[in-house]
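Taking it in order: structure first as structure tokens, then the write-up.
The values are calculated or read from the model by the stated rules, or taken from the named source; none is laboratory data. Everything numeric here is computed off the predicted structure, so don't read it as measured data. Glycine gets a Cβ as well: all are built from the backbone with ideal geometry, and neighbour counts include every protein chain shown. Just so you know, the surface numbers come from the protein's heavy atoms only, side chains and all, with ligands and any DNA or RNA stripped out. Shrake-Rupley method; radii C 1.70, N 1.55, O 1.52, S 1.80 Å.
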Amino acid sequence: MIIDCHGHYTTVPAAHTNWRKAQLADPIPPRYPDISDDEIRDSIEGSQLRLMRERGVDLTIFSPRASAMAHHEGDETVSRPWAEACNDLIYRVTQLYPDNFAGVCQLPQSPGVPIANSIAELRRCVEELGFVGCNLNPDPSGGHWTSAPLTDRSWYPFYEAMVELDVPAMVHVSAVTNPNLHATGSAYLNADTTAFMQFLQADLFRDLPGLRIVIPHGGGAVPYHWGRFRGLADMLERPPLAESVMRNVFFDTCVYHQPGINLLFEVIDIDNLLFGSEMVGAVRGIDPQTGHYFDDTRRYVEALDLAADDREKVFERNARRVYPRLEQLIKA
């Protein structure tokens with residue numbers, strides 16, 4: 001089985017997007033639209049599901065569109081119904097295609113609002129909707145980084161709920177309003193790198209050894225500067241990364257060229273790598289140098305000289321270990 005740990009519903013029916021526009025324009029938006037099963041099928045079968053079949057991907061861990069989370073828009077009273085609507089739509093996809101998609105939830109985060117306020121939605125999605133994880137935004141301000149570091153004690157109530165529910169979080173920012181940042185080209189990768197450095201500097205995983213975090217996009221800049229981070233751990237008198245961070249942190253393979261994948265696998269231990277493509281997502285075009293889609297990351301992994309056991313870890317077993325609630329879905 002091949003499990004893609006990183007997929008977003010970027011092709012939602014137009015009625016869903018239009019309702020969001022109305023919600024932001026009016027504090028009392030119209031009733032959420034009736035979206036038919038056929039509309040959902042039309043939005044999935046010609047895009048995500050078609051490409052999954054073409055690329056030989058069996059199951060995608062599926063979440064709402066990251067850039068549309070837009071936690072900086074409105075306040076908590078706006079963010080909560082938007083998160084619920086997005087998560088309910090993901091749930092409908094998982095019910096229509098239970099063999100192909102497993103749900104991951106968006107959280108109703110908002111700048112200045114305690115992350116503990118998102119626990120109820122996490123519980124609803126895991127316990128009632130059967131989701132296997134969540135996306136956690138370390139910067140709900142939209143690129144201005146007004147929140148405390150991910151290792152601050154203010155995050156602990158949410159982490160404790162994650163541990164109790166036995167679900168991981170993928171660190172994933174959203175749209176940005178800071179003109180210095182391009183959302184997918186710099187803000188996302190900056191957040192991945194920043195999160196890792198925060199974990200390096202603190203004792204989060206000593207306090208919560210059962211916490212699991214996925215850093216997407218190949219870990220941002222981390223694998224390419226692994227010596228820098230190892231050296232900083234030493235300079236800051238922190239434990240080695242293998243002990244203090246990498247027992248709890250995992251990277252996906254959303255790196256869109258072969259040399260990048262080669263380096264990722266050379267630097268990061270195989271047990272910390274999960275296959276992912278973020279399809280259909282940030283980079284949708286065809287690479288003129290190869291003639292294949294940039295985000296067809298299976299090709300890059302297949303091109304590596306991996307032992308059969310290591311290949312199985314990356315494509316399936318690591319995801320089932322990091323997302324243990326997948327077991328229930330797969331067995332069902």
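With a 1.4 Å probe and all protein chains kept in place, how do 77, 10 rank by accessible area, largest first? Working shown, then result.
Numbers: 77 105, 10 20 Å².
Descending order: 77, 10.
Measuring nothing but how far apart in sequence close Cα pairs (under 8 Å, 6+ apart) lie, relative to its length, the chain scores a relative contact order of 18 percent.
Per atom type, segment 1-41 shows carbon and sulfur on 57% of its accessible surface, probed at 1.4 Å.
Dividing the alpha-carbon radius of gyration of the chain by the rule-of-thumb value 2.2 N^0.38 Å gives 0.95. Normalising the average separation of contacting C-alpha pairs (under 8 angstrom, six or more residues apart) by the number of residues puts the relative contact order of segment 190-311 at 23 percent. With a cut-off of 10 Å between beta carbons, the residues surrounding residue 323 carry a summed charge of +2, where Lys and Arg count +1 and Asp and Glu -1. Near the amide H of residue 101, within less than 5 Å, lie the amide hydrogens of 60, all on another chain or at least 5 residues away, with H placed in the peptide plane. Our coupling estimate for segment 174-186, obtained by passing each phi through the Karplus curve with A = 6.51, B = -1.76, C = 1.60 and θ = phi - 60°, is 10, 5, 10, 10, 6, x, 6, 10, 8, 3, 7, x, 9 Hz, Gly and Pro reported as x. Ranking of 91, 256, 159 by solvent-accessible surface, largest first: 91, 256, 159 (1.4 Å probe, protein heavy atoms only, all chains present). Solvent-accessible area of segment 71-188 (1.4 angstrom probe, protein heavy atoms only): carbon and sulfur portion equals 49 percent.
For residue 184, what charge total do you get from the other residues with a beta carbon under 15 Å from its beta carbon, if Lys and Arg give +1 and Asp and Glu give -1?
Details: positive: 65, 284; negative: 139, 192, 252, 278, 295.
Summing Lys/Arg as +1 and Asp/Glu as -1 gives -3.
Only one residue of 267, 216, 308 has its Cα farthest out toward the positive end of the dipole of segment 206-311, where Lys and Arg carry +1 and Asp and Glu -1 on Cβ, and that residue is 216.
Taking all protein chains together and a probe of 1.4 Å, list 316, 121 from the most accessible to the least accessible. It would help to have the intermediate numbers written out before the result.
Numbers: 316 25, 121 5 Å².
The ranking, largest first, comes out as 316, 121.
Rolling a 1.4 Å probe across all protein chains gives residue 41 an accessible area of roughly 80 Å². The mean sequence separation of alpha-carbon pairs under 8 Å and at least six residues apart, normalised by the residue count of segment 265-332, gives a relative contact order of 37 percent. Placing +1 on the Cβ of every Lys and Arg and -1 on the Cβ of every Asp and Glu, with no other charges, gives the chain a dipole of roughly 180 debye about its Cα centre. Magnitude of the charge dipole for segment 228-280, about its Cα centre and with charges confined to Cβ atoms of Lys, Arg (+1) and Asp, Glu (-1), is about 120 debye.
Note on segment 271-296 and segment 65-114: Cα centroid distance 24 Å, given to the nearest whole angstrom.
For every other residue with a beta carbon closer than 14 angstrom to the beta carbon of residue 166, add +1 if it is Lys or Arg and -1 if Asp or Glu, then tell me the sum. All intermediate terms of the calculation are to be shown ahead of the outcome.
Numbers: positive: 123, 212, 320, 321, 325; negative: 127, 160, 164, 327.
Net of charged neighbours comes to +1.
When the charge dipole of the chain is built from unit charges on Cβ atoms (+1 for Lys and Arg, -1 for Asp and Glu) and taken about the Cα centre, the candidate among 288, 49, 323 whose Cα reaches farthest toward its positive end is 288.
Counting each DSSP H run of 4 or more residues in the chain as -39500 (n - 2.57), what helix-only mean residue ellipticity at 222 nm follows after dividing by all residues, to the nearest 500 deg cm²/dmol?
The helix contribution divided over the chain gives -11000 deg cm²/dmol.
When the charge dipole of the chain is built from unit charges on Cβ atoms (+1 for Lys and Arg, -1 for Asp and Glu) and taken about the Cα centre, the candidate among 134, 104, 174 whose Cα reaches farthest toward its positive end is 174. The calculated P(r) of segment 35-116, using every Cα pair and 5 Å bins from 0, goes 3, 14, 22, 22, 15, 10, 9, 4, 1 in percent. The length gained by stretching the chain between residue 226 and residue 21 to full extension, at 0.36 nm per residue less their Cα-Cα distance, is 69.6 nm.
Rounded to the nearest whole Å², what accessible area per residue is found for the chain with the 1.4 Å probe? Don't skip to the end; give the middle numbers.
Numbers: 13950 Å² over 332 residues.
Result: 42 Å² per residue.
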